[in-house]
1. Given the C-alpha centroids of region B:234-290 and region B:69-110, what is the distance between them in whole angstrom?
2. Kindly provide the helix-only [θ] at 222 nm of the protein assembly as shown, computed as the sum of -39,500 (n - 2.57) over DSSP H runs of four or more divided by all residues, to the nearest 500 deg cm²/dmol?
3. Quick one: Karplus J couplings for region A:62-78, per residue in order, coefficients 6.51, -1.76, 1.60, θ = phi - 60°, nearest Hz, x for Gly and Pro?
4. Can you give the charge dipole size of region B:143-240 about its Cα centre, rounded to the nearest 20 debye, using +1 on the beta carbon of Lys and Arg and -1 on the beta carbon of Asp and Glu?
5. Could you tell me which residue out of B:Thr93, B:Leu151, B:Ala37 lies farthest along the dipole of region B:13-222 toward its positive end? Charges go on the beta carbon: Lys and Arg +1, Asp and Glu -1, centred on the Cα centre.
6. Please arrange A:Ser183, B:Ser283 by how many other C-beta atoms lie within 10 Å of their C-beta, fewest to most.
7. How large is the Kirkwood hydrodynamic radius of region B:143-265, counting all unique pairs of alpha carbons, in Å?
8. Taking the Cα atoms only, what angle lies between the long axis of helix A:48-57 and the longest principal axis of chain A, rounded to 10 degrees?
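What follows is calculated from the coordinates using simple rules that are stated; it is not laboratory data. If you're wondering where the values come from, they're calculated on a predicted model, not measured in any experiment. Counting neighbours? That spans all protein chains shown, and the Cβs are built from the backbone with ideal geometry, glycine included.
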Amino acid sequence: MPQDTLTGGFTEAPQQSARAFRSLMNALARPGTIEEITGGTGPAPLSAAAATTLLTLCDGEMPIHLAGGHDTDAIRQWIAFHIGAPICARNQAMFAVGTWQALTPITDFPIGTPEYPDRSTTLIVEMDTLSNTGATLTGPGILTTAQLSLPETAAFQQNRLLFPMGVDCYFTAGTRIAALPRSTKVEAH
Amino acid sequence: MSDPAYNFAYLDEQTKRMIRRAILKGIAIPGYQVPFASREMPMPYGWGTGGVQVSAACLVPEDTMKVIDQGADDTTNAVSIRKFFENTAGVATTEKTREATVIQTRHRIPEEPLTEDQILVYQVPIPEPLRFLEPRETETRKMHALEEYGLMHVKLYEDIAQHGNIATAYAYPVQVEGRYVMDPSPIPKFDNPKLEMAAIQLFGAGREQRIYAIPPYSKVVSLDFEDYPFEASKADHPCDLCGAEHTYLDEVIIDDAGGRMFVCSDTDYCGERQADGHRGRLSPKLEAAQ
């Protein structure tokens, strides 16, 4: 077992996960806002932001899908040790981690049901950089408009049409995180 | 300092993760009631177990917490919940709306406008606005799924037919972002226009095991009719202690002869106005002597 399987978890779980959750909540409640999130580190290519998000929100009850280059033995073992979540196929995932290229097409992921739209996947999209440029966002949590460097716009416009069903997305780069809930309307810049 | 016998903010980490996931789903689907596995809390149902669980999942050690019960900081419910978090989370507490980062409320929205840096947590007794019209959860779920809210308009119409106006004075139903009809918890309808605010609003119903949310700046419309528009009503008096004419008032009986006074329900706001020199009809006339 490589050494980095055993490291990278929270050292002060209650306080660190509380602060990480506030970043996650602020990001999701104000789409386009870029927050700092720290506390956990996982094996590459998992970013610190994605690792902290998984540590904060996932446990044995939350099946995780690892997409593309994120499906490595090192990451599987790290999740098994620190989180205990089962690794699953796309259509059973409650959380999914990967680059945008590996996660698309996002239509494979559960979007919830009309009665229970909350039974849907949360995508954690690993990005090289995040910035407040590019696509224009409007909707709940945004006073007028916001901008975020999304990997594309068409998939998110399709996802918005499913509302109240659909997937929610987090975008991670290093220790930075932003979010795009299903309620946000996206327009290409 | 918090009691080391408890985990930070009382709940165990697995429970907090489950609540946090529900809060995030609630924010992603404004107004939708997310089921969650509500825990037994060291207080009876009806005393804010839902709000306490949501607050516990949100608190960070750096927070300053305020708790109000019907606008007041000094009532039993508010005092005991504040003490609960002082003991289990070690967070600072305050009675000042402006200084608080997390505000847990029972049935009021503070008069002072909230900012982007604040979180408002509501205690909710019955989260389902359609429950008294349709007792079956399977049916109300379906009605929300189909956006079938005609029954709620019939109820408001019957109010008008019987009373001449919409008699619902609290827990007045709202529609969030043009989709889900939501119970704003039993706040007076005077507070409904304030539901569109800069702060994150979270609603927790412990006994009914539901969490829902309104993200900042969301469109929140009180249901009404073109010819009977929604009206945010209040008692037609100024506050007898601070003279405010724009605040929600409590009516207090002060003698056996039917004498009464009206005072701001938001005690912090009223106290601050009095400190600024505002006076009402029954204010003590201390300064006059000097």
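1. 22
2. Taking each H run of at least 4 residues, the total per residue is -8000 deg cm²/dmol.
3. Karplus-based 3J(HN,Hα) across region A:62-78 equals 10, x, 10, 9, 9, 9, x, x, 8, 8, 10, 4, 4, 5, 4, 5, 5 Hz.
4. 400
5. B:Ala37
6. Ordered by Cβ neighbours within 10 Å, fewest first: B:Ser283, A:Ser183.
7. That comes to 16.5 Å for region B:143-265.
8. 90
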